[in-house]
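J.: There's a structure below that I have some questions on.
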Amino acid sequence: AAVGKDGYRHFMEKELHEHPSVIGQTLQRVVDPVTREVVLPELPFALADIPRAVITACGSAYYAGYVARYWLEAEARLPVDIDVASELRYRNPPLTEGGLALLISQSGETADTLAALRGLRASGQHVMSVLNVETSTMARESDVVLGMDAGPEISVASTKAFTAQLSVLAALTIAMGRARGVMTPARQQHLMAALLDLPSEAERIFQLGEQIRAMAHIVAKARDVLYLGRGSCFPIALEGALKLKEISYIHAEAYAAGEMKHGPISLIDDTVPIVAVAPSTILFDKTLSNLQEARARGGKILAFTDETGAERLREIAEAVIVLPHVDAFVAPILYTIPVQMLAYEVALLRGTDVDQPRNLAKSVTVE
Ligand code: G6P
């Protein structure tokens, strides 16, 4: 049956509201409800034997992979290389046989990602793909497919498929950490509990709609917007900037907060809003001092944080949106939702064609 908008104005709005249920369904698929162990499809190789991973994808899927790099390195102690597929496919990197090629794609048809998959297979990598469309070309050419139950995604700009990809990759991280013997059962239980709480925490984000709309009024007037984040939330800053560019046509750039002083700080004045993706993790103080530097140059700080972070940010920020406090491990998943909602609200104010932005395609099957 044809997919409808179910009373929402755009597919993107509908799909944004599906984040909590899609995260929940995806986790149900990869987590045993009784033992709370990660359940992956049968693998033709042992996770414990994987020496290193190379992650590749395009667009938002690439940013999901970028989060996974932080997770796999820190929690599973796995060396990870990552690049966009259009670069990786021509880089010809030296790879050890038996490594893991981790491909991420909503459609499973993106030309560059598919070409990278074929190249990685030819160089002896085990091919694991995180896909929404499990009947796709990439699914057929992979050794193992991790599916994600996001349902059809119609809006050209990806939303729910992104948090579903992250949910699968978080589960994979736990499985990898356990298989490699570097994650204690206590750590596993802690991370799993944080993950399983996400659907209900995500539901609470929609209560912030009014505040996100108010923030959107500031962003909609800007010509340039700078997004800042650190650690596993840096890719969420990248995702926020990408979404804003794609659907509102406002120029946005994301920087790792600590790198700002090596470039974009020269662009900051009172016309440049700075969107901070800043949960109160161990990196919070570092981000805060970067934001103080931006504020000192007139930049308007628009922050996504939690209550602990808000106490410090309110002094320097024009707007602070307070999210539920969650474990740092799952913060990139939760923070994606308001960041994507902000882009949507800005696009509405700018009157763009939200579901079909100019020059973009849902699935890019040409190089
Ligand atoms: C296009 C879409 C993006 C998507 C990217 C990768 O650019 O507009 O939303 O992230 O392709 O698509 P894939 O299907 O491989 O995830």
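Every number here is computed from the coordinates shown, using simple stated rules; none is lab data. Nothing here was measured: the structure is a model prediction, and the numbers come from that model. So basically every Cβ, Gly included, is an ideal-geometry build from the backbone, and we count neighbours across all protein chains shown.
J.: Can you tell me the dipole magnitude for segment 243-358 around its Cα centre, using point charges on the Cβ only (Lys, Arg +1; Asp, Glu -1), in Debye to the nearest 20?
T.: Computed charge dipole of segment 243-358: roughly 240 debye.
J.: Per the Kirkwood formula on distinct C-alpha pairs, the Rh of the chain is how many angstrom?
T.: After inverting the mean inverse Cα-Cα distance, the result is 20.6 Å.
J.: Compute, for segment 11-90, the length of the dipole vector about the Cα centre, with Cβ point charges of +1 (Lys, Arg) and -1 (Asp, Glu) only. Units Debye, rounded to 20.
T.: In debye, rounded to 20, segment 11-90 gives about 40.
J.: Determine the calculated [θ] at 222 nm for the chain from helices alone, applying -39500 (n - 2.57) to every DSSP H run no shorter than 4 residues and normalising by the residue count; nearest 500 deg cm²/dmol.
T.: Rounded to the nearest 500, the figure is -14000 deg cm²/dmol.
J.: Considering only Cα-Cα distances, which of the following residue pairs are longer than 27 Å: LYS14/LYS221; LYS261/LYS362; LYS160/LYS261; LYS160/LYS245; LYS245/LYS300; LYS221/LYS286?
T.: Over 27 Å apart, Cα to Cα: LYS261/LYS362; LYS160/LYS261; LYS221/LYS286.
J.: Using a Gaussian network model of the chain whose springs link C-alpha atoms within less than 10 Å, name the residue from VAL322, VAL346, VAL277 with the highest mean-square fluctuation.
T.: Highest fluctuation among the options: VAL322.
J.: Follow-up. Which shape class applies to segment 16-162: rounded if a/c is under 1.5, otherwise prolate when a/b exceeds b/c and oblate if not, where a ≥ b ≥ c are the square roots of the Cα gyration tensor eigenvalues?
T.: Working: a/c = 1.66, a/b = 1.21, b/c = 1.37.
Oblate.
J.: Ok, one more. Please report the relative contact order for the chain, taking Cα pairs under 8 Å with a sequence separation of at least 6, and give it as a percent rounded to a whole number.
T.: The value is 19 percent.
J.: Suppose every Lys and Arg Cβ carries +1 and every Asp and Glu Cβ carries -1, with no other charges. What dipole size does the chain come out with about its Cα centre, to the nearest 20 debye?
T.: Once rounded to the nearest 20, the dipole reads 420 debye.
J.: State the answer as a single residue: which of SER129, TYR249, LEU100 lies farthest towards the positive end of the charge dipole of the chain, with beta carbon charges of +1 for Lys and Arg and -1 for Asp and Glu, about the Cα centre.
T.: Going by the charge dipole, the pick is TYR249.
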